[in-house]
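For reference, the structure is listed below as structure tokens.
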Amino acid sequence: MVIDDEEGPAHLVTPGETITTDQQFMRGHGTYTDGENIVVSAVAGSVERVNKLLSVRPLKNRYTPEIGDIVVGRVTEVAMKRWKIDVNGRQDAVLLLSSVNLPGGVQRRKNESDELHMRLFFSEGDVLVAEVQSFYADGSMGLHTRGFKFCKLRNGSFVNVPPVLVQRCKSQFHSLPCGVDIILGLNGYIWVNKKPQGLPENNTEEMDTTIMYSSINDEITPEERAVIARVCNCISALAKQYMHINDTVIIYTYEASLAYTVKELLRVDVIDSITTEARQRMQEV
């Protein structure tokens with residue numbers, strides 16, 4: 001394989017395939033050397049080049065977090081002064097009691113009363129959106145939900161895709177023209193929902209934490225449910241075709257899917273049709 005430039009199309013390789021024999025390149029993650037200066041792929045994935053460093057990014061892999069990442073997670077355990085969160089990583093993330101907003105927006109240190117009422121904030125099975133804040137010595141990540149966008153998620157549906165497909169955008173929070181909101185978690189967990197009533201539009205508005213921690217869904221009409229299901233099926237179709245997922249390609253796929261019913265979007269031929277149309281529109285941009 002010839003590695004010409006960094007901006008060209010991604011090269012897919014299989015385990016044991018020779019990436020390059022050029023002596024100027026160094027091997028990185030997902031590669032090894034076989035003989036003199038022969039860089040060989042250790043996993044199936046796409047070749048990435050940074051200057052003279054070659055690495056292979058696996059097609060399927062657990063989420064590898066970075067500080068500042070927006071993730072969607074599900075509470076698996078309520079422990080002492082912390083919650084354990086499933087974020088599709090190698091181990092559960094940790095959300096400390098000190099890293100959440102108290103009801104009423106009160107700024108104070110958490111006490112024993114707050115510990116006793118931790119399940120009023122988040123309980124087992126709740127889905128939430130948070131930001132990666134730090135890492136611990138054992139490799140687990142620390143999360144926080146201090147902010148007007150970070151809250152318990154409701155009014156919607158959950159979609160799981162490979163983390164490698166979710167593209168980093170300026171914002172992982174998007175409002176689609178069809179009237180639903182999506183949160184593209186960089187860990188591969190995506191939330192599609194009708195926007196909850198009462199949440200602030202920006203950081204300057206007063207935050208009602210009783211709404212942020214509410215587990216009761218707003219009233220959702222059958223038409224809204226159908227739109228949410230259609231968007232979820234479009235995201236699943238993109239994942240099955242192994243296409244990168246961002247707000248633009250979701251909109252294109254949604255518009256292409258309007259010629260079919262929600263149920264028909266599960267058919268293989270329909271998946272091929274709508275994703276091909278979306279891919280063509282992305283290439284025209």
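The values are calculated or read from the model by the stated rules, or taken from the named source; none is laboratory data. Because the structure is a prediction, the values reported are computed rather than measured. Here Cβ is always computed from backbone atoms with ideal geometry, including for glycine, and neighbour counts include all displayed protein chains. Just the protein is used for accessible areas: all its heavy atoms, side chains included, with ligands, DNA and RNA removed. Shrake-Rupley method; radii C 1.70, N 1.55, O 1.52, S 1.80 Å.
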Q: May I ask you to give the percent of accessible area on the chain that is carbon plus sulfur, with a probe radius of 1.4 Å?
A: 49 percent
Q) With the chain treated as a Gaussian network of Cα nodes joined by springs under 10 Å, which of 172, 133, 23 yields the largest mean-square fluctuation? A) 23
Q) Given a Förster radius of 35 Å and the C-beta distance between residue 214 and residue 24 as r, what FRET efficiency does 1/(1 + (r/R0)^6) yield to the nearest 0.05? A) 0.05
(Q) Given the options 227, 216, 253, identify the residue whose Cα lies farthest towards the positive end of the charge dipole of the range 214-254 (+1 on Cβ of Lys, Arg; -1 on Cβ of Asp, Glu). (A) 253
Q. Where does the range 44-133 land on the Kirkwood hydrodynamic radius, alpha-carbon pairs, in angstrom?
A. 15.3 Å
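Based on the Cα coordinates of the chain, what is the per residue volume of their convex hull in Å³?
On the way: hull volume 45.8 nm³, N = 285.
So the per-residue hull volume is 161 Å³.
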Q) Against the longest alpha carbon principal axis of the chain, how many degrees, from 0 to 90 and to the nearest 10, is the axis of helix 268-284 turned? A) 80 degrees
Q) Picking from 133, 171, 19, whose Cα lies most toward the positive end of the charge dipole for the chain (charges on Cβ: Lys, Arg +1; Asp, Glu -1)? A) 133
(Q) Give me the dipole magnitude in Debye, nearest 20, for the chain about the Cα centre, with unit charges on the beta carbon: positive for Lys and Arg, negative for Asp and Glu. (A) 620 debye
Q: Calculate the dipole size of the range 11-140 relative to its Cα centre from +1 charges on Lys and Arg beta carbons and -1 charges on Asp and Glu beta carbons; express the result in debye to the nearest 20.
A: 240 debye
Q. Cα-Cα pairs above 25 Å in the range 133-285: how many percent?
A. 34 percent
(Q) One quarter of the convex hull surface, Cα atoms only: what value does that give for the range 222-285 in nm²? (A) 3.9 nm²
**Q.** Calculated log₁₀ intensity ratio I(q)/I(0) where the Debye formula runs over C-alpha points of the range 99-185, q = 0.19 Å⁻¹
**A.** -1.14
Q. Once the principal axes of the Cα atoms of the range 1-160 are found, what is the range along each, listed largest first in whole angstroms?
A. 65, 34, 24
